[in-house]
Amino acid sequence: MKKALSVLIIAISFVSTCFSQTTSGKINYKVSHNWVKKIVAVDYMSKSTREKYEYMWGQTDEYDHKSTLVFNTKAYRYEEQDDNVHPGWSSRTVEYIIYRDRENNKSYDVIRTLNDLYVIDDTIVSQKWKILNDMKEVAGRICMNAYWYDSIKMNEVVAWFALDWNEKLGPEDYLGLPGVILEIDINNGAKKITAESIEFFNDEQIIEKPEHKKRHKNVSYAEYSKVITDYIKECKQEERPYFWGIRY
Amino acid sequence: MKLLNLALLLLLSLTVFSQQPRNINISARVVDTLGETVPVATVMLLNSSDSTLINYTTSDSNGEFGFKNIKNSGYILKISHVSYMPIQRDIPVINQADYNMGDIVVAPIAEILMEVVIKSAKAPLFIHGDTVEYDARLFKVPPGSTVEDLLRRLPGVEVDADGNITTMGKNINRVYVDGKTFFGDDPSSVTKNLDAEAISKVKVYDEKSEQERLTGIDDGSDEKVMNLELKDDFKKGHFGKASIAGGTEQRWAARGSFNRFNEISQLSFLGFANNMNNSGVNWDEYTEFKGSSAYSDFDNGDFGFGSGRGHRSLSMIGGNYSNKGFTKNYGGGVNYNYFNKKTKFNASYFYNQSDLTYDQFTKRQTFLNDTSYFRYDTTDNYQFNNSHTVSSRFEYEFDSANTAIIRVNARLSENSNTNNQFQIYQTNSSVDINSNTVYYSATNEAYSVNVLGLYNHKFKKKRRSFSFSAVADLSDNNSDNTLDNINEYFLTTNEVERIKLLYDNQGSQNNFKSSLMYVEPFGKRLSLMTFYNFSNKIQESAKLTKDVLANNSMIDSLSNYYIHSVLYNRLGASLNYAWEGLNISMGGAYQIIGLKGDYALTQRTELRIGLPQKDYMNFVPYFSANWELPNNMRIYGTYSYNINEPSMTQLQPVSSFSNSLYRIEGNTNLVPERSHSISAGAYYWDRASFTNVSLSFGANLNENSIVYNKSTEFVDSIGYVTVSKPENVEGGNSYYAYLWSNVPIIKTILSLNVSGNVRFSENPVYINSIKNITKTDSYGGRIGLDLNIGAKLNINIDGRVSTSNVKYSLQTNQNQVILNYSSEAGFKWQFAKKSYLEGNFTWSNYQSDRLDYVADIMLLNVSIRQLIGKNNRFEVRLAAFDLLNQKEYLYQVATENYTEYTSSPTLARYFMLSVSYNLKGFEESNNKRRRW
């Protein structure tokens, strides 16, 4: 029996090795937002305001939408989809495209923040993760978790990365783990990005560098972080949740 | 000697130091418990102090891996693999450049855990050293199950008939709850008594024996124990507030609320009583009382565009602050909410009572085509109102595609009113014409019941949906009134006329309505909404008027029995475009309003036709557009064509008699009013600077509106007698523009807010059969500054002005200007950790050139409050209201063919001491802004 198990393990490992050589594919994520958990996590607002919000809106359903990450050996591109499920009403999708040149380790992220369109043209910056010890399945793959404290947005982020798929891929700008990031959980469910399915293609997919309006600001990662940091500082003084103005 | 020792030590340490290379190479091989090599394992190098990931690699086909030329600073080596338990090894600072760790053995994860827990239950495995735990919440047990039932479901755990627990072939002899012993040592005492719903994690591990813990030597007698972790989010709690206040001028107030909640229900109580002109509850208190159901009471069952056909709102908010006279108020109620994944239920009861007493003085100038006259009114009024309101709502989600809502609301109310009015009429040269004294008293009882049923189905195809609603709206009222009217004429002869009447009025209204709606999407951007609305409103009114001075004989001209019906059918459709922030809706509906009225003198006499069945057919177009631009700007525009039928009171062929100088007649020839409404606007929000600008425009163009035309004649020996009659009049319009903006001057410290409005209107009315057009041009503006000095001091100042320029076509010499302006300054200062000083000063000025009226009112309020107790549970507040004792109710208006102002005394200077208690404690911060 034990021998059989070992054979099975080796077989899995072999399959995994094959997977890691796949050149092109697409990860479909579901992004869910729990506004109550978001508000409750804002520690600079008064406790009674947060408690009342939770009391009033604790039964509200989560809001979710889809996003995709398309990759080949040279690049990957992550963006959100508006599938227009609400009858008769549509909101504008705010520009948010993460584009990474994997060959040259460069980012070309197009993000609208605070009324301006920013293009982050820089070398790729990864988070400094602390590796945790738990295992679970996401989109059919066994993942391990890691933790990162986002000191700018004051968020606790837990990532689940695939143990059998070692590639530098992740949703939004999350990167830097020894496996593809298949789930991101911010502040214990306030926002969750979970992979629902993974597709592989035999042919190399063409991944286009994002096009954008001419009127934009070309910035480095540090410059963009400063915009966010300054805005959150002001929101703190105003006792207003920062995510009314910028992405969570 | 000491020096020698020190030198030796230094030398030794240098030697040691020199033996530690700066950079090292690490290598090892990963094997399983059977000695087989483990390829493609993830090998991570972590910082030894905080587990931060420094570097990683994977093991090769021989299970071997290595890190080359890394800093010799000590690490944790972590190896993980999909099929093995993660393992950690410490790598200390080492003395040789190449460090081979040999074979590192990893243990496979039990197959049952892999298959059942991870793959089937999709539950994470929490791994601690060599033990695993799983998320108990993902192993569903029926409500009310015990922990024992839960354990039977967990893979790898067995529970026998006596409640003995075994796992991996070993008995579990101890069960802890959150790491603590619970009811002694018997495990089943816990597992049989504790509710499974309270548990979040189940963890099984080896507990070292007492001896091993003391000596550190493994005596091989480990014992398997189980720890049950309780859910930290098993939310339940309560909060509440109570306050009591007493002051000068015999003022007092009391208020209390208590809310209790858990994961599935909320129960709230609210009560208040005061004699401080504060009736009802405000929005904050209302939402706290209604809890999660506060925002769910807005369905009216009317689908399609445009306004609904009568939604009976039974909200308990309202009235809130009377600024006229003096009131005593009492109210209280209970609310209960229950919710789970499929069900939302709400039930509430509320009682409200208020007594209002006021005195009032009004000066009015009325002008006719060739003359004008004055009227001075002195009124004292007493009102009593009470109501019992019961409301309930039940929402059930059969599945994600089907939802039904049932709502039942009912209200029983009583009110009484006593009004004593003394009027003096004067010519425009201030000569007394007559006096008119009116004593009026009324009692009224009413009930209403509103039942709504609503069903919604979402089809498999996205955005395709069907909805159906049915509503029954029933109400009934009964009133008894008496009128005693004495008119004394002074001008030539002295004549006195007295009228004393007794009214008995009964009315009922039953409205049954239903709507259907179907939405069909075409592609991703377009959809077609089709709808049908039906309503049948039947109203019944019986008016009986008796002349008390003529042996209570019935007055036929003021008595009437009337049955009125309004049948409404509307069929419509609209095409909607919705994509990327651009939403356009265009449509139209064909509607028929059928009116019919039968009357008789009394309910027992023969019915006659008052209004033969008349159908009014119209095509009603509709348009709306809303566009969200990328830079946080939104622009919108709407157009609608509104058709409203006349009310029963207007159509009923009987007069309504207010006093011997004023009566309103009915008109059976009225047709529905028709008007066009257009509005457009833009809203801009600069997120970066917190700047808001909002601009809106609108126009209302009447094709035909129902206007109360007046005929006033001078009757010798009585005075000016006015008869008013509703009639259809063509024309009339209004245009408006409104601006509102908030601009930070110094971010987070000083902000400027500005608003302005203009309105131009033209309203036609016939006075003694001559058309008079009242043109009113109104302008208003406000400018304010908000200053925050640190978190402790907040100051605001603002100034407002409003003016109306009124022109009459009937008599241009009556044209006039009304002017009001006011300014206000306020502050909030947290002068000590728990102490606050607050104050505000308002100065208002009212002017009317026609009535020679100028008034200045200055109001000054100051209060100081202190939080007390460890958790700030108590608050004591001393407040002075209207220190200058000038508060008064004032109102000015110029319209139709008159202009008037009204003043009424109200609650002025008083001092008050209040004590409040908050179960959760009051906030300490000087909460300057609550709007976000």
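The values are calculated or read from the model by the stated rules, or taken from the named source; none is laboratory data. Being a predicted model, the structure only gives us computed values, none of them experimental. Virtual Cβ from ideal backbone geometry, glycine too; neighbours counted across all protein chains shown.
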B:Ile635 fails exactly one of (1) more than 14 Å from chain A (Cβ to nearest Cβ); (2) of a type outside the set (Ser, Thr, Tyr); (3) within 37 Å of the chain's Cα centre (by Cα); (4) surrounded by fewer than 16 Cβ atoms within 10 Å (Cβ to Cβ), namely (1)
In the range B:44-70, residues that are more than 8 Å from every other protein chain (Cβ to nearest Cβ), under 17 Å from B:Met85 (Cβ atoms) and of a type outside the set (S, T, N, Q) total 1
B:Lys710 fails exactly one of (1) farther than 23 Å from B:Ser660 by Cβ; (2) more than 35 Å from the chain's Cα centre (by Cα); (3) among the basic types (Lys, Arg), namely (1)
For the range A:95-142, the count of residues that are surrounded by 17 or more Cβ atoms within 10 Å (Cβ to Cβ), away from chain B (no Cβ under 14 Å) and assigned to a loop (DSSP other than H, G, I, E, B) equals 2
Reported set for the range B:577-615 where residues are touching a residue at least 24 places away in the same chain (Cβ under 8 Å), of a type in the set (A, V, I, L, M) and assigned to a strand (DSSP E or B) is B:Ala578, B:Leu582, B:Ile584, B:Met586, B:Ala589, B:Ile592, B:Ile593, B:Leu595, B:Ala600, B:Leu611
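For the subset of the range B:427-468 comprising residues that are within 14 Å of chain A (Cβ to nearest Cβ) and part of a strand (DSSP E or B), which member is nearest to B:Thr492 (Cα to Cα)?
Of the range B:427-468, the ones within 14 Å of chain A (Cβ to nearest Cβ) are B:456-467.
Add one more test, that the residue is part of a strand (DSSP E or B), and what stays is B:456-458, B:465-467.
Working: B:Asn456: 73, B:His457: 77, B:Lys458: 78, B:Ser465: 76, B:Phe466: 74, B:Ser467: 71 Å.
Out of the qualifying residues, it is B:Ser467.
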If we keep only residues of the range B:825-852 that are of a type in the set (D, E, K, R) and in a strand (DSSP E or B), then the residue nearest to B:Gln886 (Cα to Cα) is B:Glu838
Of the listed residues (A:Tyr55, A:Tyr44, A:Tyr76), the one being at pLDDT 85 or above and at the interface with chain B (Cβ under 8 Å from one of its Cβ atoms) is A:Tyr55
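Might you let me know whether the range B:373-383 holds any residue that is surrounded by fewer than 16 Cβ atoms within 10 Å (Cβ to Cβ), under 30 Å from B:Ser475 (Cα atoms) and not aliphatic (A, V, I, L, M)? Please lay out each step first, then the result.
Taking the range B:373-383 as the starting set, the residues that turn out to be surrounded by fewer than 16 Cβ atoms within 10 Å (Cβ to Cβ) are B:376, B:378, B:380, B:382.
Subset that is under 30 Å from B:Ser475 (Cα atoms): B:382.
From what is left, the residues that are not aliphatic (A, V, I, L, M) are B:382.
Within the range B:373-383, one or more residues are surrounded by fewer than 16 Cβ atoms within 10 Å (Cβ to Cβ), under 30 Å from B:Ser475 (Cα atoms) and not aliphatic (A, V, I, L, M).
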ask   = Going by the structure shown, is B:Val801 assigned to a strand (DSSP E or B) and more than 37 Å from the chain's Cα centre (by Cα)?
value = no
Inset, instruction - Could you tell me whether the range B:554-570 includes any residue that is surrounded by fewer than 16 Cβ atoms within 10 Å (Cβ to Cβ), in contact (Cβ under 8 Å) with a residue 40 or more places away in the chain and more than 27 Å from B:Gln650 (Cα to Cα)? - result: no
B:Val117: passes all of (1) surrounded by 20 or more Cβ atoms within 10 Å (Cβ to Cβ); (2) closer than 19 Å to A:Asn133 by Cα; (3) outside the structural domain of B:Asp135 (by TED's automatic domain parsing) but (3)
Within the range A:180-221, the residues that are closer than 28 Å to A:Lys38 by Cα and free of Cβ contacts under 8 Å to residues at least 60 places away in the same chain are A:Ile181, A:Glu183, A:Ile184, A:Asp185
Within the range A:222-248, the count of residues that are in contact (Cβ under 8 Å) with a residue 12 or more places away in the chain, part of a helix (DSSP H, G or I) and of a type in the set (Lys, Arg) comes to 1
Flagged in the range B:438-479 as surrounded by 16 or more Cβ atoms within 10 Å (Cβ to Cβ), closer than 30 Å to B:Lys546 by Cβ and not aromatic (Phe, Trp, Tyr), in numbering order, are B:Val438, B:Ala442, B:Asn444, B:Ala446, B:Ser448, B:Leu474, B:Ser475, B:Asn477, B:Ser479
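Test A:Lys153 against the criterion of being facing chain B (nearest Cβ under 10 Å), out of contact with any His (no Cβ under 8 Å at 6 or more places or on another chain) and farther than 20 Å from B:Tyr56 by Cα, and give yes or no.
Values: facing chain B (nearest Cβ under 10 Å): no; out of contact with any His (no Cβ under 8 Å at 6 or more places or on another chain): yes; farther than 20 Å from B:Tyr56 by Cα: yes.
So A:Lys153 does not fit the description; no.
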